[in-house]
Amino acid sequence: MNGEAAASPLRFEILGVVRAFRGSRQLDLGPAKQRAVLAVLLLNPGRPVPTHRIVDAVWGDDPPENGTNVVQKYVAGLRRVLDPDRSPRTPGELLALTDGGYVLRATSLDAEDFRNGLARADAERRAGHLEEAARIARLALELWNGEALGGLTGPVFDSARTRLVEERASAWEMWAEIELSRGGFAGLVSELSRLVQEFPLREGLRAQLMIALHRSGRQAEALAVFRDAREYLLAELGVEPGERLQETHRRILRNEPFPGPAAPPAVPPSAPPPSVATPPASPPPAAPVTAAPMPVPPIPAVQIPAVQIPAPRPPSDPMPAAVQPYSPAPPPHALMPGLPFAPRRHGFSWAEVILAAALPLVTCSLGSWLYFAYAAFQRRTARDALVASGYFLAVIGVLVLEMIDPSDPDAALLSDAETIGILLALALIAVAAAHGALLAAHPGDSRRSRAQRELARMYATFHPAAARQAGIGRPDLMRSFDDGGLVDLNHAPAQEIARLHGMNPIEAHRIAVDRYENGPYRGPEDLVLRGLLRPRTLQRLAPWLICVPPEVPVRAEAPAPGPDYL
């Protein structure tokens with residue numbers, strides 16, 4: 001057994017449920033917390049992870065009393081599973097303890113294999129080997145086995161999962177682009193339709209679906225895809241489609257061809273500037289002025305804007321490739337139609353306030369519990385559910401008092417039980433009306449707000465430039481949409497950060513200063529890693545925090561000297 005274990009390589013998976021294999025045999029990684037410790041190490045392959053970071057990632061705001069010892073116990077369990085030939089008293093090599101923390105030297109990780117496969121596919125595509133590029137890209141995508149880091153929760157795992165999902169969406173776009181370049185548009189329609197449903201904010205996939213439908217002779221369906229995308233973005237985020245979708249839409253309306261690869265994300269360094277393609281190769285010398293526009297069906301008047309927009313983002317951009325938007329950001333006037341608009345943030349409906357106050361009176365206290373049940377359903381919190389249950393029991397109490405000792409209809413006086421029941425009903429009407437009105441005026445974190453925050457996060461992940469222009473996470477700006485109350489740690493002023501529940505002005509000032517001194521935040525968990533917030537505080541604030549990548553300034557290069565300067 002030991003010889004077989006030493007000879008078979010280890011292979012780890014995080015693109016799905018966290019698993020480990022030795023050869024073809026799956027290893028038992030032990031309890032859920034031990035599996036989570038392994039996941040933290042796999043998210044940092046070959047890099048030391050301090051013990052306190054492991055504790056924060058795995059246990060969040062409820063750490064064990066002696067977190068260091070608990071982590072040591074789980075690491076020892078992982079060593080027994082992953083390195084069974086190691087003597088108990090010898091230092092581990094596969095999972096080692098260094099001055100910086102624990103480091104896992106993973107020999108094979110599916111996330112790294114996924115990225116390496118995409119890099120090989122891109123190299124084959126650039127070399128013109130489209131069939132091989134498509135095959136390699138599809139093999140890389142087949143490494144996914146469900147939701148990344150399946151079953152693991154917490155800010156660290158959620159942030160890592162979002163980045164991995166974004167890489168997967170970018171990989172699907174690259175694969176679809178390769179297939180469109182090969183001419184396999186007919187078989188792409190069903191696959192792209194599924195991907196659009198899975199990644200509704202990925203405009204590149206929608207544009208590729210429109211191109212595939214157009215090349216298949218289904219122009220009406222291609223235009224319907226654009227209409228659906230526009231309605232979805234306006235309804236959910238209040239923004240217009242980006243330039244890439246709009247350009248694709250214009251080309252289809254004009255019935256213009258889509259030559260070459262479908263809307264590449266950037267101009268290759270070897271590509272000639274657009275102005276080189278404008279002069280005709282061999283025009284008749286007799287009519288140079290009138291003949292020049294004629295041979296330009298794919299005239300640069302349509303192509304130049306699509307090429308020039310991504311140009312400000314050079315290849316040396318330090319922003320990670322997974323964060324860069326695949327398509328150009330929509331212009332500000334398209335993102336905020338009809339400015340100025342008042343931002344819709346934590347507002348309430350007067351109709352809902354009046355309804356909450358009137359229900360107890362209109363129903364003679366019998367419907368006092370109805371609005372609180374609705375609020376509990378919207379907010380999904382235990383406290384609201386207990387409040388609704390309390391009012392319901394009070395209504396039951398009123399009914400019981402009215403029925404246990406009913407007085408005679410001709411009697412001049414009511415029974416004691418009926419008198420108490422009426423007094424309780426009057427008190428219930430007054431208390432429920434006031435409480436309901438206050439609750440409706442302070443809507444809190446409703447299910448709609450949570451959905452709006454999730455949509456805004458997805459949009460900022462796929463289109464950070466558009467998110468900056470639209471003001472996602474900027475409650476200090478005038479906006480025409482509701483992002484659910486998000487606050488952008490990289491752009492929001494300190495006074496807006498200080499308005500978060502449980503955040504004091506001193507902490508908000510430190511957060512605002514640190515982003516300039518130590519660089520922008522990659523995720524809310526950086527607040528803990530930089531020592532700005534405690535894990536318990538971050539756990540409470542995380543639903544309202546977002547980190548939109550800042551704009552990277554364009555590094556202008558001096559023009560090469562021409563013959564006149566020599």
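The values are calculated or read from the model by the stated rules, or taken from the named source; none is laboratory data. Bear in mind the structure is a predicted one, so any value in this text is a computation, not a measurement. Please note: Cβ atoms are built from the backbone with ideal geometry, for glycine as well, and neighbour counts cover all protein chains shown. Please note that ligands, DNA and RNA were not included when accessible areas were found on the heavy atoms of the full protein model with its side chains. Shrake-Rupley method; radii C 1.70, N 1.55, O 1.52, S 1.80 Å.
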Handout entry: Percent accessible area from carbon and sulfur atoms, the stretch 355-434, protein chains only, probe 1.4 Å
Key = 76 percent
Practice task
Could you bin all the Cα-Cα distances of the stretch 382-421 into 5 Å bins starting at 0 and give me the percent of pairs in each, rounded to whole numbers?
Solution key: 6, 24, 19, 15, 12, 9, 7, 4, 2, 0
Practice task
Using amide H atoms built 1.01 Å from N in the peptide plane, name the residues 5+ places from Val49, or on other chains, whose amide H lies under 5 Å from its own.
Solution key: Tyr102, Val103
Exercise for the section: Return the FRET efficiency for the residue pair Leu143, Ser389: r is the Cβ-Cβ distance, R0 is 45 Å, and the value is rounded to the nearest 0.05. Expected result: 0.40
Practice task
For the stretch 472-499 and the stretch 167-235, compute the distance between their C-alpha centroids and round to whole Å.
Solution key: 32 Å
Handout entry: Nearest-10 value in Å² for the accessible area of Met210, using the 1.4 Å probe
Key = 0 Å²
Practice task
Roll a 1.4 angstrom probe over the protein heavy atoms and tell me the percent of accessible area of the stretch 99-156 that is carbon or sulfur.
Solution key: 47 percent
Fill in the blank from the handout: With the 1.4 Å probe rolled over protein heavy atoms, the stretch 356-472 has an accessible area per residue in Å² of 52 Å²
